[in-house]
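Enquirer: Take a look at this one; I'll ask things after.
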Amino acid sequence: CSDPALRDTLLERAVEFLNSRSSVFNYSEVYKIIPQDWPISLIEPFVYRSLGCQAHHYRTSRIVKGLSELEWARMRADRVGFTKRLVKITSGTYCAFCFHPFSDSNCSVATSGEVYHTQCISQIT
């Protein structure tokens with residue numbers, strides 16, 4: 001812009017807009033297009049908000065990662081508990097699907113503890 005007064009007005013409005021509406025901008029993109037000759041004090045509110053938001057996003061992502069790792073560990077522990085559980089098959093044990101007794105040791109156990117013939121569990125799933 002060749003008119004210095006218009007340039008100053010536009011600069012003032014741009015800085016005001018940037019500092020007041022900083023939450024709607026992509027911070028990294030804004031940092032790429034801000035002129036190098038702008039003093040940092042001119043956009044100080046924007047810089048503080050962007051750093052605060054970036055720190056908040058970083059902390060939030062770390063919390064989410066920690067919670068998902070905890071959930072994964074719980075699921076693994078539950079799975080180990082299910083796979084290590086002993087099932088005693090007696091003459092009074094019947095398949096929960098077909099209600100026939102077990103003639104051999106080919107059986108499957110659901111997470112609920114119900115015992116099925118191997119053929120019956122394949123029909124269920």
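Enquirer: Can you name every residue in segment 39-59 that is open to solvent by 50 Å² or more (accessible area, probe 1.4 Å) and over 22 Å from Asp8 (Cβ atoms)?
Expert: Result: Tyr48, Arg49, Leu51, Gln54, His56, His57, Tyr58, Arg59.
Enquirer: Do the conditions hold for Leu42, that is, is it of a type outside the set (D, E, K, R) and over 30 Å from Val115 (Cα atoms)?
Expert: yes
Enquirer: Taking the condition open to solvent by 60 Å² or more (accessible area, probe 1.4 Å) and either in contact with a helix residue (DSSP H, G or I) (Cβ under 8 Å, 6 or more places away or on another chain) or among the aliphatic types (A, V, I, L, M) (or both), does Leu67 pass?
Expert: Yes, satisfied.
Enquirer: Do we have any residue at all in segment 109-123 that's in contact with a strand residue (DSSP E or B) (Cβ under 7 Å, 6 or more places away or on another chain) and in a helix (DSSP H, G or I)?
Expert: Yes, segment 109-123 contains at least one residue that is in contact with a strand residue (DSSP E or B) (Cβ under 7 Å, 6 or more places away or on another chain) and in a helix (DSSP H, G or I).
Enquirer: Here is a follow-up. When segment 91-102 is examined, which residues are found to be part of a strand (DSSP E or B) and open to solvent by 90 Å² or more (accessible area, probe 1.4 Å)? Outline the logic, then answer.
Expert: Within segment 91-102, the first condition is being part of a strand (DSSP E or B), and the residues that meet it are 94, 101.
Tyr94 - this is the single residue of segment 91-102 that is part of a strand (DSSP E or B) and open to solvent by 90 Å² or more (accessible area, probe 1.4 Å).
Enquirer: Specify the residue that is nearest to Leu11 (Cα to Cα); the eligible residues are those in segment 22-38 that are over 28 Å from the mean Cα position of the chain (by Cα) and open to solvent by 60 Å² or more (accessible area, probe 1.4 Å).
Expert: Asp37
Enquirer: What's the number of the only condition in (1) open to solvent by 50 Å² or more (accessible area, probe 1.4 Å); (2) under 30 Å from Ile121 (Cβ atoms); (3) in contact (Cβ under 8 Å) with a residue 24 or more places away in the chain that Ser105 fails to meet?
Expert: (3)
The values are calculated or read from the model by the stated rules, or taken from the named source; none is laboratory data. Here the structure is a predicted model, which means the values were calculated and not measured. Virtual Cβ from ideal backbone geometry, glycine too; neighbours counted across all protein chains shown. Each accessible area value is taken on the protein alone, full model and side chains, heavy atoms only, with ligands, DNA and RNA left out. Shrake-Rupley method; radii C 1.70, N 1.55, O 1.52, S 1.80 Å.
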